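One structure below.
The values are calculated or read from the model by the stated rules, or taken from the named source; none is laboratory data. Keep in mind it's a predicted model, so treat the numbers as computed, not measured. Positions of Cβ are backbone-derived with ideal geometry, glycine not excepted, and every protein chain shown enters the neighbour counts. Protein only, heavy atoms only, side chains kept; ligands, DNA and RNA dropped before computing areas. Shrake-Rupley method; radii C 1.70, N 1.55, O 1.52, S 1.80 Å.
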Amino acid sequence: MDIFEKIRTTGLVPVITLHDESETGPVIEALIEGDLPVAEICYRTPCAGSCLRLAVSRYPDVLVGAGTVINAAQCREAIGTGARFIVSPGFSPAVAAECAASGIPYLPGVVTPTEIMQALDAGLTHLKFFPAGVYGGLNAIKALSAAFPQCEFLPTGGVDNGNLPQFIANNKILACGGSWLVKGSPEQIVKTCREARSIVREARG
Ligand code: 3PG
């Protein structure tokens, strides 16, 4: 199964910001117990690279990717840790080039038709729609999909288990991403993830 297929099957991408390497294990183990073996570890803290390296080596069955990758240096480091996919909040031609050279799937962030056209020019059709809640949510994705039927979207930003059913039922949605899946205690994470997974199963059959 290719990476996008795995992300589509899970239907969810937890967006994780870690402040210390020691936080990695408990979060990933809660995700595993929550039936959600996917982790997007964000370059928002200095320890992102070491957290990625630890997650990749200790949890080989978890699909570990890097998020908030905003330049080529971060992208190279992330790929070096073994990250299996790269996500950006916007579209970066430099990150796209690094990913293409290494054969790593890249999901750039987009909200406008122009940004989608730039991503398409780089050969990219799996796109993060961010911040989804601020930029029109599902209605915007439906309108954009009319012009860009070749694209699949990863709406992120403002998604939670309350609005997940509407998003995930749409056939242009690759998966939904966000930090709501990893909020609170490990017990809370397990509960939220299991609920989210059952919402995805119900919506997709
Ligand atoms: C991201 O970069 O993907 C967002 O910060 C996640 O948004 P959320 O915190 O609203 O889920």
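Close Cβ contacts (under 9 Å, 6 or more residues apart or on different chains) running from residues in segment 127-153 that are modelled with pLDDT of 95 or more to residues that are open to solvent by 40 Å² or more (accessible area, probe 1.4 Å) and of a type in the set (Ser, Thr, Tyr) comprise Phe129/Tyr135; Tyr135/Thr112; Leu144/Thr112; Phe148/Thr125; Gln150/Thr125; Cys151/Thr125; Glu152/Thr125.
When the criteria are applied in full, Glu115 fails the requirement of being away from the ligand (no atom under 16 Å from the Cβ) and not in a loop (DSSP other than H, G, I, E, B).
When segment 192-205 is limited to residues that are surrounded by 16 or more Cβ atoms within 10 Å (Cβ to Cβ) and not β-branched (Val, Ile, Thr), the one that is modelled with the lowest pLDDT turns out to be Ala203.
Of the residues Val95, Val64, Val56, the single one that is of a type in the set (A, V, I, L, M), closer than 22 Å to Asp35 by Cβ and in a helix (DSSP H, G or I) is Val56. Applying the condition of being within 12 Å of the ligand (Cβ to nearest atom) and open to solvent by less than 80 Å² (accessible area, probe 1.4 Å) to segment 177-191 and asking which residue is nearest to Glu152 (Cα to Cα) yields Gly177. Only one of Leu36, Leu18 is within 16 Å of the ligand (Cβ to nearest atom), in a loop (DSSP other than H, G, I, E, B), open to solvent by less than 20 Å² (accessible area, probe 1.4 Å) and within 30 Å of Ala203 (Cα to Cα); which? Of the residues listed, the single one that is within 16 Å of the ligand (Cβ to nearest atom), in a loop (DSSP other than H, G, I, E, B), open to solvent by less than 20 Å² (accessible area, probe 1.4 Å) and within 30 Å of Ala203 (Cα to Cα) is Leu36. If only residues of segment 64-91 that are hydrophobic (A, V, I, L, M, F, W, C) and under 18 Å from Leu127 (Cβ atoms) are counted, the one that is most open to solvent (accessible area, probe 1.4 Å) is Ile70.
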